[in-house]
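Only one structure is covered here, and it is reproduced in the block below.
The values are calculated or read from the model by the stated rules, or taken from the named source; none is laboratory data. Everything quoted here is computed from the prediction, not taken from an experiment. With ideal geometry, Cβ positions are generated from the backbone for all residues, glycine too; neighbour counts draw on all protein chains shown. Surface areas here come from the heavy atoms of the whole protein model, side chains and all, with no ligands, DNA or RNA. Shrake-Rupley method; radii C 1.70, N 1.55, O 1.52, S 1.80 Å.
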Amino acid sequence: MQNNKASEKTWRLVQITDPHIGPSRDYCLAGVQTYETFRQVLAELGSQKLAPDMIYATGDIAANGAPEAYELFAQQMQFLEIPYGWLPGNHDQLTIMEEGLSSASYWPMLEMGQWRVISLNTSVPGKVGGALAQSELDFLEQVLNAEPDKPVIVFLHHPPLPVGCDWLDRQRIANADELEAIVRASGNVKAVFSGHVHQDFAGQWAGCDVHTAPSTCFQFLPNSPEFALSDQSPGYRWIDLRPDGSIDTGVEFLKETGQVVDHKAVGY
Ligand SMILES: [Fe+2]
């Protein structure tokens, strides 16, 4: 029999990331209609197979911060009727984003049974690379110290560690050492989940697991020193937070999207 008590159930989250939605439905980036592939990912999430308790969108929701992009995003998310959280990436405009996503306000910390789910903002206005403001570091430290016995996961846009692509690794969180000191001192952060790198990567950092996730549009070529796209299809990550403080996670990719990546693209 399924136990529905919040502290005894397994919480299933889905991480979607880097949709890069443009100002219109037919907006195309690197050969891919990004709104269309985002919609296809949501269709799969709504198919009952996964039945997530919550969806987290880890930034770069908009390709260039257009208000219409957030409206398109919010509209589709509302059709899905699954609660969602979000945080900004380097392609987002936070104030426009907050307005466009007003139906789901920004939550820096959520309680899911005994789990604590923290979102940090690594975006720096006008910059591609990530960094954490002192206020974000202070917030994290405060939450971790307040409940030292609770298992925690952290969502953010930029990864704190290199993923094997030189051009992306230069954009990782510039002051990741400050984040590392806080995470190591607390010992209750079980995993960190980032976006930005448009690929599935797993590593160990600060004594915990770090996972990145595939984008809902196009993927970058793993282990490439410079910008390059791969033919891997759009995808998402599922995350199960178990009551014993352990995590199970994996990625899924769409089988057929009808979209073909333009390998002649030199940026995004
Ligand atoms: Fe990004």
Taking N as the number of residues in the stretch 11-253, what is its Cα Rg relative to 2.2 N^0.38 Å? 0.93
Starting from the Cα of LYS9, draw a straight line to each of the lysines and keep only those under 27 Å, dropping any in the same chain fewer than 8 residues away. LYS49, LYS150, LYS190
Whole Å is fine, so just give me how far the alpha carbon centre of the stretch 21-51 lies from that of the stretch 132-173. 27
Quick one: if the Förster radius is 22 Å, what FRET efficiency do ALA6 and ALA43 give, using the C-beta to C-beta distance and rounding to 0.05? 0.15
For MET54 and GLU111, calculate 0.36 nm times their separation in residues minus their Cα-Cα distance, and state this gained length in nm to one decimal. 19.3 nm
Amide N proximity, the stretch 170-187 versus VAL124 label position 7 Å along Cα-to-Cβ, cut-off under 11 Å: 171-176
If you place +1 on the Cβ of every Lys and Arg, -1 on the Cβ of every Asp and Glu, and leave all else neutral, what size is the dipole of the chain about its Cα centre, to the nearest 20 Debye? 320
What is the distance, in nm, between label points placed 7 Å from the Cα along the Cα-to-Cβ direction at SER103 and at LEU80? 1.2
Quick one: which residues, 5+ away or cross-chain, put their amide H under 5 Å from the amide H of ALA57? H built at 1.01 Å from N. ILE16, GLY85, TRP86, LEU87
Point-to-point label distance, PHE253-ARG184, nm (Cα→Cβ direction, 7 Å offset): 3.5
Kyte-Doolittle cut-off -0.5, length cut-off 24 Å along the helix's own axis using Cα: show which whole DSSP H helices in the chain pass. none
Out of all DSSP beta bridges with both ends in the chain, state the antiparallel percent to the nearest 5. 55
Can you work out the Karplus-derived ³J(HN,Hα) for every residue in the stretch 152-163? Use 6.51 cos²θ - 1.76 cosθ + 1.60 with θ = phi - 60°, whole Hz, and x for glycine or proline. 10, 10, 10, 9, 7, 7, 7, x, x, 10, x, 10
Straight-line reach from LYS264: which aspartates and glutamates fall under 18 Å, measuring Cα to Cα and dropping same-chain residues less than 8 apart? GLU226, ASP231
I need the phi-derived Karplus couplings for the stretch 20-27: 6.51 cos²θ - 1.76 cosθ + 1.60, θ = phi - 60°, integer Hz, Gly and Pro marked x. 6, 6, x, x, 9, 4, 8, 4
Say R0 is 35 Å: what FRET efficiency, to the nearest 0.05, do ASP166 and ASP262 get from their beta-carbon distance? 0.95
In what sequence, largest accessible area first, do TRP107, TRP86, TRP205 appear using a 1.4 Å probe? TRP107, TRP205, TRP86
